[in-house]
Amino acid sequence: MALFVGLMSGTSLDGIDAALVEIADEAAKRPRLIDALCLPLGIELRKALLELTQASQVSFAALGATESAFCDHQAEAVRQLLCRHDLPPEAIAAIGSHGQTIEHAPYADAPFTYQLDNPSRLAELTGCQVVADFRRRDMAAGGQAAPLAPIFHQALFTDTTRTRLILNLGGIANLTRLGPIGSSLPVIGFDTGPANLLIDAWHVRHRQGPIDEDGRWAASGRIDEALLERLLEEPYFDLTPPKSTGREQFHLGWVENRLRGNEAAVDVQATLVELTAVSVAQAARGFVESLNTDLIVCGGGARNGHLMQRLAAHLPGVSVLGCEAFGWSADWLEAGAFAWLAWRRIHRMPGNLPEVTGASGPRVLGGIYAP
């Protein structure tokens with residue numbers, strides 16, 4: 001057994017998730033979550049990161065300063081996690097660092113994906129070996145470099161008899177379809193569209209606090225069917241996998257361009273929740289083989305009761321399971337995935353699924369940075 005730490009900061013830009021994971025050398029054994037924490041981003045750091053994701057031009061000074069501040073925050077998350085368990089840096093086989101996605105452009109003429117990160121600094125600050133830059137090797141092989149979590153979902157959730165859909169409701173929603181062990185069904189995984197990203201951003205603009213707790217504000221509004229129809233006309237929803245997206249595509253400007261100007265803010269919030277539920281359900285229905293299908297929901301959106309109710313309304317007959325039944329909290333699955341991907345890199349095992357990303361073949365992902 002070896003201990004790994006996974007670090008994840010997603011499109012929600014709410015904090016650094018750090019997961020302490022125990023992984024056996026035998027690939028057949030499932031990784032075990034020991035502990036995890038979220039270290040919230042400070043106001044200034046979050047503002048700087050958000051500006052970078054939306055800027056048409058970026059100065060090297062701003063990029064470098066924000067990267068250093070972000071890396072320091074990562075190191076503090078690791079320090080706090082290790083202190084909880086009185087673990088020295090040498091006890092950690094490696095940190096798997098995803099970094100913060102600043103821009104993801106798989107459809108550009110020259111496709112690229114850029115995650116703000118400084119693994120050399122992280123290794124220096126923590127005294128731990130670091131694995132980072134997971135995405136660009138898949139893109140170099142012709143893939144979209146996203147989503148990467150489906151191979152981890154496969155390791156955790158594949159069942160002997162049941163088809164399972166894994167839904168991650170982070171800033172962006174992504175869906176994984178796992179056939180039963182021994183079936184001919186390939187693993188399918190892709191981003192369905194926005195999840196919490198638009199819901200949170202609209203709430204921040206119009207209300208106090210960063211999130212709509214349990215979806216209560218949205219639940220008090222009315223779904224604007226005409227607005228929903230305009231939002232669902234977005235061509236991305238009709239693309240066939242492999243496909244991936246992010247803040248470059250879905251942001252408040254995208255919403256504002258579809259408003260008529262007389263909508264009540266609470267009704268827009270209700271409609272954005274419905275957009276997430278409908279776009280996920282439309283994507284999922286194509287992979288519901290029968291009533292012998294489970295939907296396992298993870299990510300921050302799993303805590304939004306109103307969103308979960310709307311999802312259930314659009315997916316009748318599908319059994320909804322929590323990650324907790326498998327020893328994982330809904331909040332830590334993405335961070336856990338990068339701990340596990342670091343383990344695969346150390347052992348020179350592929351970290352991508354070509355059928356998911358569109359890469360020309362399996363690839364070992366990430367670079368290794370010694371302490």
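Miscellaneous remarks
- Amide hydrogen neighbours beyond the local backbone of Ile296, cut-off 5 Å, H modeled: Leu165, Ile166, Leu167, Leu321
- Counted residue by residue at 0.36 nm each, then reduced by the alpha carbon distance between them, the extension gain from Ser120 to Arg285 reaches 55.0 nm.
- Coordinate range along principal axes, alpha carbons of the stretch 299-355, Å, largest first: 43, 25, 17
- Backbone phi angles across the stretch 297-305, fed through the Karplus curve with coefficients 6.51, -1.76 and 1.60 (θ = phi - 60°), yield HN-Hα couplings of 9, 9, x, x, x, 5, 8, 8, x Hz in residue order; Gly and Pro are listed as x.
- Virtual spin-label span in nm between Ala69 and Arg30, 7 Å along Cα→Cβ: 4.0
- Rel. contact order, % - alpha carbon contacts under 8 angstrom, at least six apart, the stretch 226-371: 20
- When both the stretch 15-86 and the stretch 102-171 are represented by their alpha-carbon centers, they are found 14 Å apart.
- Binned Cα-Cα distances of the stretch 34-174, short to long, each 5 Å bin given as a whole percent: 2, 8, 15, 17, 19, 18, 12, 6, 3, 1, 0
- Amide hydrogen neighbours beyond the local backbone of Leu116, cut-off 5 Å, H modeled: Gln100, Thr101, Ile102
- Förster radius 25 Å - calculated FRET efficiency between Met1 and Ile368 (Cβ-Cβ, nearest 0.05): 0.80
- Annotation: amide H of Ala173 within the under-5 Å range of Thr192, Gly193, Ala195, sequence separation 5 or more or interchain, hydrogens built in the peptide plane.
- Dipole of the stretch 1-121, positive direction: furthest Cα of Pro111, Ile43, Gln80, with charges on the beta-carbon: Gln80
- Shown in residue order for the stretch 255-268 are the 3J(HN,Hα) couplings computed by the Karplus curve 6.51 cos²θ - 1.76 cosθ + 1.60 at θ = phi - 60°: 5, 4, 5, 10, 7, 8, x, 10, 7, 6, 4, 5, 6, 5 Hz (x for Gly and Pro).
- When the solvent-accessible area of the chain is split by element, carbon and sulfur atoms take up 51 percent of it, the probe being 1.4 Å.
- Ordering of 132-143, 225-236 by packing [mean C-beta count within 10 Å, highest first]: 132-143, 225-236
- ³J(HN,Hα), Karplus 6.51/-1.76/1.60, whole Hz, each residue of the stretch 210-215, x for Gly, Pro: x, 9, 8, 4, 6, x
- Per residue, in Å², the accessible surface of the chain once ligands and nucleic acids are set aside, probe 1.4 Å: 41
- Dipole magnitude for the chain: about 520 debye, using +1 per Lys or Arg Cβ and -1 per Asp or Glu Cβ, origin at the Cα centre.
- Ordering Trp217, Val273, His347 by Cα displacement along the dipole of the chain toward the positive end leaves His347 in first place; charges were set at the Cβ atoms of Lys, Arg (+1) and Asp, Glu (-1).
- The peptide list 74-80, 29-35, put in order of mean Cβ contacts within 10 Å with the highest first, becomes 74-80, 29-35.
- The spread of Cα positions in the stretch 258-319, taken along each principal axis and listed from longest to shortest, comes to 44, 23, 16 Å.
- For the stretch 237-364, a simple Cβ point-charge model (Lys and Arg +1, Asp and Glu -1, everything else neutral) yields a dipole of about 440 debye relative to the Cα centre.
- Working ranking of peptides 38-46, 214-222 by packing, defined as the average number of other Cβ atoms within 10 Å per residue, highest first, is 214-222, 38-46.
The values are calculated or read from the model by the stated rules, or taken from the named source; none is laboratory data. Remember, predicted model here, so these are calculated numbers, not experimental data. Heads up, the Cβs are rebuilt from the backbone with ideal geometry, glycines too, and the neighbour counts pull from every protein chain shown. Remember, those area values only see protein heavy atoms, side chains included, never the ligands or the DNA or RNA. Shrake-Rupley method; radii C 1.70, N 1.55, O 1.52, S 1.80 Å.
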